[in-house]
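Readers should treat all values here as calculations from the given coordinates under stated rules, not as data from a laboratory. In this text, all values refer to a predicted model and were calculated from it rather than measured experimentally. FYI the Cβ positions are ideal-geometry reconstructions off the backbone, even for glycines, and counts take in every protein chain you see.
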There are 2 protein chains.
Amino acid sequence: MSNTPRWSRRGLLAGTASAIAGATLARVGHAQTAPAGTPTAAQPRPLPPYVNWKDPNQMIVHTATTIETKKSAFGTSIITPSDRLYIRNNLPAPDVSIVANRDAWEVSVEGVRQPRTLSVADLKGMGLETVATVLQCSGNGRGYFADSPSGTKWTVGAAGCVIWSGVPVRSVVAALGGLADGARFMTGTGGETLPAGIDPKSVMVERSVPVKAMDDAMLAWEMNGQPLPHAHGGPLRLVVPGYSGVNNIKYVKRLAFGATESDAAIQKTGYRMSPPGVKGDPSQPAVWEMDVKSWINGPTSDGGPVKAGLVQVHGVAMGATRPVRRVDVSLDGGQTWHEARFVGPDLGRFAWRQFVLPIQLQPGQYMLASRAQDSRFNWQVETTPSNAGGYLNSGWRSHAFPITVA
Amino acid sequence: MSNTPRWSRRGLLAGTASAIAGATLARVGHAQTAPAGTPTAAQPRPLPPYVNWKDPNQMIVHTATTIETKKSAFGTSIITPSDRLYIRNNLPAPDVSIVANRDAWEVSVEGVRQPRTLSVADLKGMGLETVATVLQCSGNGRGYFADSPSGTKWTVGAAGCVIWSGVPVRSVVAALGGLADGARFMTGTGGETLPAGIDPKSVMVERSVPVKAMDDAMLAWEMNGQPLPHAHGGPLRLVVPGYSGVNNIKYVKRLAFGATESDAAIQKTGYRMSPPGVKGDPSQPAVWEMDVKSWINGPTSDGGPVKAGLVQVHGVAMGATRPVRRVDVSLDGGQTWHEARFVGPDLGRFAWRQFVLPIQLQPGQYMLASRAQDSRFNWQVETTPSNAGGYLNSGWRSHAFPITVA
């Protein structure tokens, strides 16, 4: 378990037994009635126009602003291609005209000794770094909570691993004379056009993270070797490695360092780890760092039968802000475990790693599960306690799923 | 310089002085008349239908089977996205119907103790590995040879860095009882449909590499996290890390180990390092391992002016079969050098690395060059001697280009 504060360690323990039973039944039932990754609607929804460049066969359209990668669409080559990467926007994207001249986009940097507004062109002269990170929606795995918290029922597909290029925030801050006194939080503000007639604070996308996150953060203009797509925050996105998706501000127009968190609703009451049924408030932990987590993507993820014999069980494992050091795979729902092998290059502590367990399987029923361990020997939790928002579900038991070997 | 045999070390030395003069003038002249990466034709050719999913703005269509990535299209995030990756086919691709059922594609494995025909489904059960490699056409850089050898005048864009997933060839060989006696070469045969009425040996794509290449080779079904695109060899490609593009057999239908090289023309007389004007024959070294190489992609690659001040000079560097350990950048055409810094994760010895040199530049004219060094302290050569086919040009001087800082 990470050192991120949680609303209740006691709640975790108390809820474990019932959550296990519920989640396991839910998964088995799911696999019996519909293949994983299939929308329950009779007809899948088409991609909305702003992301019609994505591969429609690989995506599940929950709504126009919540679009999931099918589990079967995850490959084994570490990187999630942009046209298979999930979409989750808290507001509709700003007009696409903002990417007509990417270098002209501006971000105001405040809470430094020499505050300045910088264009992307300015930023490109200030430094260059490249980092691979897991981008994961705070609500990824919500669909596996047994008590069905409200919100999009993501399973595993509100996540991907991508490579960013941009300038380290620390380089920008250094060029502007360093942080002003008293900085405890780094606040990013998105450039979305706000709906008229509503208190801006109630809808704006503005998130604060602890200032220590600055050490790894980046203002990124490129993703996976291409100018950052508009739908993913281009021309410029604040990337906060190891922190859940909402903290990675799209169309970032303001980056401010200060003593207090934003008072925007999305920070003040939204994205809080509050107990089920309890409204979020600033006394509850914010949804920030992710947890150590893994899941299995194959040899099948659609419930289809697997051929008996030597089978390659594979998936992804992440340590959030730490390297992942080990992954175990279970074929019997967690009664016994086998250590898996990592495959492919290590893209750094913020990326996920592919793992594989080659194993001889006889015909029969198996319940696949995986659990990852980070470099500090923290194991992925068996069950994440439910919370009002359905955030940060990393429990291995609820991610388990059955396969048939024939 | 690598330990790959070359047709003439003496030729390299003798040709250096004139090649330098010619190449440097050619580059300056090129930059004065047309931006790098711009086709000389007034209207760029459209993408042929079989690759109409590529980004037309990022590609130079030389012919329907030779399509180059624009230098300005290389990002800084290591991976080359599939829709920006170059195309070079020796024959038209087979019918696209072969990817309708990818798992059914078959490859015959010969020269092992238990020869067998294996489907992609079989291969997926036998192992899983992931490797990042530079895929580079043997003729990349041909356009920089001063004596203008015939063939597509690629500059730097017949190359990319991609991530493959598949089964290691060594795992397949082990599962089939190991190599039969006497194996000296690994030969891959492509599944292209051959034109009727012509000796198959004269046109088929069949290449042999030394059997030692088996240790790193892979039968790959995935590239960059997606099923291998048909245009890049899907459903199945033989990937030979560190070896030039032609050795990475698309639509591989036969993998044979034996005592001799293929007698197909593409191996026997084609892709040989023969002196200018001399036809290839088996006595000349084959085009196999690539050389240590680097080039600069920015801050500008289209000849446009760069703003004076702090500038990030960046590019890519590869060691072919060895890690690259250092890159130097010159701003004065190689008179003085500055050591650059690597950026981003290291994807392994077959991948390229991004490098950057942050430097303050006053207004003026500069000639940008880079030279890489591999883990055995071999420097990228200053000038690659020309050869009949215009292959394997890695000379740093001919890759230099001028910029104006204003």
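Pick out, in residue order, every one of the trypsin sites (Lys or Arg not before Pro) in region B:43-134 that is DSSP loop and has at most 12 other C-beta atoms within 10 Å; say none if there are none.
Filter output for region B:43-134: B:ARG113.
Considering chain A as a Gaussian network with a 10 Å cut-off on Cα pairs, which listed residue, A:MET214, A:MET186, A:MET126, attains the greatest mean-square fluctuation?
Most flexible of the set in this elastic network: A:MET126.
In debye, nearest 20: dipole of the protein assembly as shown around its Cα centre with unit charges on the Cβ of K, R (+) and D, E (-)?
Working: 78 positive and 58 negative charges, 112 e Å.
Approximately 540 debye in magnitude.
Test of understanding: express the Cα radius of gyration of region B:44-201 as a ratio to 2.2 N^0.38 Å, with N the residue count.
My calculation over the Cα atoms of region B:44-201 gives 1.23.
From the Cα gyration tensor of region B:308-350, with a ≥ b ≥ c the square roots of its eigenvalues, which class applies: rounded if a/c is under 1.5, or else prolate if a/b is larger than b/c, or else oblate?
The shape class here is oblate.
What average count of beta carbons from other chains do you get within 10 Å of the Cβ of residues in A:71-82?
Neighbouring Cβ atoms belonging to other protein chains average 6 per residue here.
If you take every residue apart from A:ARG322 with its C-beta less than 11 Å away from the C-beta of A:ARG322, what net charge results, scoring Lys and Arg +1 and Asp and Glu -1?
Within the 11 Å Cβ shell, the charges total 0.
Express the relative contact order of chain B as a whole percentage, based on alpha carbon pairs under 8 Å and six or more residues apart in sequence.
19
Per-residue Cβ counts within 10 Å, from other chains only, averaged over B:355-361: what number is that?
Counting Cβ atoms of other protein chains within 10 Å of each residue's Cβ and averaging gives 2.
In Å, the Kirkwood hydrodynamic radius of region A:90-180 over pairs of distinct alpha carbons?
One over the average 1/r among Cα pairs gives 16.3 Å for region A:90-180.
For region A:128-181, how big is the tail of P(r) above 19 Å, as a whole percent of Cα pairs?
54
From the P(r) of region A:329-401, can you give the percent of Cα pairs sitting at distances over 19 Å?
Counting pairs separated by more than 19 Å, the tail of P(r) holds 45 percent.
Could I have the simple spin-label model distance between A:ASP215 and B:ALA174, label points 7 Å from Cα toward Cβ, reported in nm to one decimal?
The two pseudo-label positions are separated by 4.0 nm.
Rounded to a whole number, what is D in µm²/s for region B:285-387 from Stokes-Einstein with the Kirkwood radius over alpha-carbon pairs (37 °C, 0.692 mPa s)? Walk me through the intermediate numbers first.
Values: Rh = 14.4 Å.
It diffuses with D of about 228 µm²/s by this estimate.
Which FRET efficiency, nearest 0.05, do B:ARG184 and A:THR404 yield, Cβ-Cβ r, R0 41 Å?
Efficiency, rounded to the nearest 0.05: 0.35.
Under a cut-off of 18 Å between alpha-carbon atoms, report the aspartates and glutamates in cross-link reach of B:LYS253, not counting same-chain residues fewer than 8 places apart.
The qualifying aspartates and glutamates are B:ASP95, B:ASP103, B:GLU106, B:GLU110, B:ASP122, B:GLU192, B:GLU206, B:GLU222, B:GLU261, B:ASP263.
Please report, for the Cα atoms of chain B, the Rg to one decimal and the Dmax as a whole number; what are they, in angstrom?
So, for chain B, Rg and Dmax equal 20.9, 68 Å respectively.
Per 0.36 nm of contour for each residue apart, how much would the distance between A:VAL278 and A:GLN362 grow if the chain were fully extended, relative to their Cα-Cα spacing?
25.5 nm
Which angle between 0 and 90 degrees, to the nearest 10, do you get for helix A:9-33 versus the longest principal axis of chain A when only C-alpha atoms count?
Relative to chain A, helix A:9-33 is tipped by roughly 60 degrees.
I'd like the FRET efficiency for B:VAL99 and B:THR336, computed as 1/(1 + (r/R0)^6) with the beta carbon distance as r and R0 of 60 Å, rounded to 0.05.
For R0 = 60 Å, the calculated efficiency reads 0.70.
Would you pull out the residues with amide H under 5 Å of A:SER375's amide H, same chain only if 5 or more places away, H placed 1.01 Å from N?
A:ARG325
For the protein assembly as shown, just run the numbers: alpha carbon Rg, then divide by 2.2 N^0.38 Å, N being how many residues it has. Working shown, then result.
Values: Rg = 27.1 Å, N = 812, 2.2 N^0.38 = 28.1 Å.
With N residues counted in the protein assembly as shown, Rg over 2.2 N^0.38 Å equals 0.97.
Among B:GLY270, B:GLY197, B:GLY334, which one moves the most in a GNM of chain B with springs linking Cα atoms closer than 10 Å?
Of B:GLY270, B:GLY197, B:GLY334, the Gaussian network model singles out B:GLY197 as fluctuating most.
State, as an integer percentage, the relative contact order of region B:69-141 based on alpha-carbon contacts under 8 Å between residues 6 or more apart.
18
Need the C-alpha centroid separation for region B:182-251 versus region A:256-275, integer Å.
Centre-to-centre distance over Cα atoms comes out at 55 Å.
Given the options A:GLY182, A:GLY141, A:GLY258, which has the most mean-square fluctuation in a GNM of chain A, springs set between C-alpha atoms less than 10 angstrom apart?
Most flexible of the set in this elastic network: A:GLY182.
For region A:317-375 and region A:91-133, compute the distance between their C-alpha centroids and round to whole Å.
With region A:317-375 and region A:91-133 each reduced to a Cα centre, they are spaced 37 Å.
On a straight-distance basis, which aspartates and glutamates could pair with A:LYS212 in a cross-link, Cα separation under 12 angstrom, same-chain partners fewer than 8 positions away excluded?
A:GLU289
Considering only the other residues whose Cβ falls under 12 Å of the Cβ of A:ILE67, what net charge follows from Lys and Arg at +1 and Asp and Glu at -1?
That sum, taken over residues with Cβ under 12 Å, equals +2.
Can you compute the label reach from A:ARG45? Point 7 Å from Cα along the Cβ direction, backbone N cut-off under 16 Å, restricted to region A:91-105.
Under cut-off, by backbone N: A:91-93.
State the Kirkwood hydrodynamic radius of region A:186-317 in Å, one decimal place, computed from all pairs of distinct Cα atoms.
In region A:186-317 this quantity evaluates to 17.2 Å.
What is the distance, in nm, between label points placed 7 Å from the Cα along the Cα-to-Cβ direction at B:LYS201 and at B:ASN52?
Between B:LYS201 and B:ASN52, the simple spin-label model gives 4.0 nm.
Counting each pair of different Cα atoms once, what's the Kirkwood radius of region B:285-336 in Å, rounded to one decimal?
Taking every pair of different Cα atoms in region B:285-336, averaging 1/r and inverting gives 13.4 Å.
Got a sec? Charge dipole of chain B, +1 on Cβ for Lys and Arg, -1 for Asp and Glu; which of B:SER398, B:LEU238, B:TYR86 is way out at the positive end?
B:SER398
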